[in-house]
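K.L.:
Dropping the structure in here first, questions after.
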Amino acid sequence: MISLNNGTRKLLDQLGPMAADTQVLIALYDAEDRLQFDNPAFRSAFFIAADEHPLWADLMRRNYRLRQGTVIAAADFEEWLRSTQSRRGKVSFRAFETDLHDGRWLWMTETVRENGWMLCIASDITRIRANERDLRQDRDVAIKAAQTDELTGVANRRFVMARLEELLAIPVAADQALGCLAVFDIDNFKYINDTLGHHAGDVILRDFAGLIQAHVRRTDCFGRVGGEEFVLVMPRTLADEAACIIHRMLAIVRDSRPLPDSSDFSYTFSAGLAVARRGDALAEVYRRADLALYGAKLAGRDRLQINIDLPSGEKR
């Protein structure tokens, strides 16, 4: 049973009758990316029962298997999902086009609130001339490629650093944290490459990216910034909460066995965490997280170290 506060329930009760008779597709997802409201037009397009509240990923997975709803032109669905989730809901507003298996073409917008809730509105634009549609689709593909790491499928340095810039621009009181930045580095990766080969190294990079992305909140942004180094941007998150999330990730990666021909092979990663505050420059926050990562490596790897930047006037 999904529990909603009174304000949210009242809003949905008001929205329902207004959205019932329109052909515009309307849906509302919570911060966990679970569908909390959809109108009949949306349910019809994506084959959702009236009493269903699926996670977006589960809905996409089901429809891909049944060849219904959104057309997903990908041989590997999980790779497509990882890439899409690394960018979904990371900006306050996004507009794009998507086609359905029934032949319709939709113009979709996603509006994300600070609390992570997302409003999706789609209109049928099937009548637009095909050549114009193809041009815009090519543009969307190019944008996705420019924001995605080719090897792992998660967000690339350009995309994730833009999200960090947006985090640092959030207006908050001087003594409030904007959020956290974590820097991840796979332990002993050069040794792995030298002893097992670069193909095994690529497998491990993809495995790591997939494991972490699967446990990233939709309000956070995870991406590869180069080599075996990744970053996680966590808006409006305190250090203790961020540390709990990262400790779970450490355990998940520790238990992974990504090489089929070496069933006993395992690997780990180290993490440095820094708290971002008002007035911080991107380079300074990254430097603090990187110093914490260095400390985690020196302390024995396979661990998290936190570099907490205290407000001016406070002492450690």
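K.L.:
So is ASP102 over 17 Å from the mean Cα position of the chain (by Cα), touching a residue at least 60 places away in the same chain (Cβ under 8 Å) and farther than 28 Å from ARG206 by Cβ or not?
P.N.:
no
K.L.:
Still on this structure, please answer the following. Considering only residues that are surrounded by 19 or more Cβ atoms within 10 Å (Cβ to Cβ) and modelled with pLDDT of 95 or more, which ones fall in segment 86-111?
P.N.:
GLU110
K.L.:
With respect to the numbered conditions (1) touching a strand residue (DSSP E or B) at 6+ places or on another chain (Cβ under 6 Å); (2) closer than 29 Å to THR111 by Cβ; (3) not hydroxyl-bearing (Ser, Thr, Tyr); (4) not in a loop (DSSP other than H, G, I, E, B), which one is the sole condition not fulfilled by VAL216?
P.N.:
(4)
K.L.:
Still on this structure, I have one more. Which count do you get for residues in segment 260-274 that are in contact with a Leu (Cβ under 9 Å, 6 or more places away or on another chain) and modelled with pLDDT under 95?
P.N.:
Residues that pass the stated criteria total 1.
K.L.:
Within segment 231-259, how many residues are of a type in the set (Val, Ile, Thr) and either in the same structural domain as GLY89 (by TED's automatic domain parsing) or on the phi > 0 side of the Ramachandran plot (or both)?
P.N.:
So the count comes out to 0.
K.L.:
Exactly one of these conditions fails for ILE252: (1) touching a Gly at 6+ places or on another chain (Cβ under 7 Å); (2) part of a helix (DSSP H, G or I); (3) among the aliphatic types (A, V, I, L, M). Give me its number.
P.N.:
Unmet condition: (1).
K.L.:
Next question, about the same structure. In this structure, is LEU167 in the same structural domain as LEU293 (by TED's automatic domain parsing), surrounded by 21 or more Cβ atoms within 10 Å (Cβ to Cβ), over 16 Å from the mean Cα position of the chain (by Cα) and under 18 Å from ALA283 (Cβ atoms)?
P.N.:
So LEU167 fails the test.
K.L.:
Test ASP302 against the stated conditions and say whether it is of a type in the set (Asp, Glu), surrounded by 15 or more Cβ atoms within 10 Å (Cβ to Cβ), more than 25 Å from ARG158 (Cα to Cα) and outside the structural domain of SER83 (by TED's automatic domain parsing).
P.N.:
yes
The values are calculated or read from the model by the stated rules, or taken from the named source; none is laboratory data. Please read these numbers as outputs of a predicted model, since none were measured by experiment. Please note: Cβ atoms are built from the backbone with ideal geometry, for glycine as well, and neighbour counts cover all protein chains shown.
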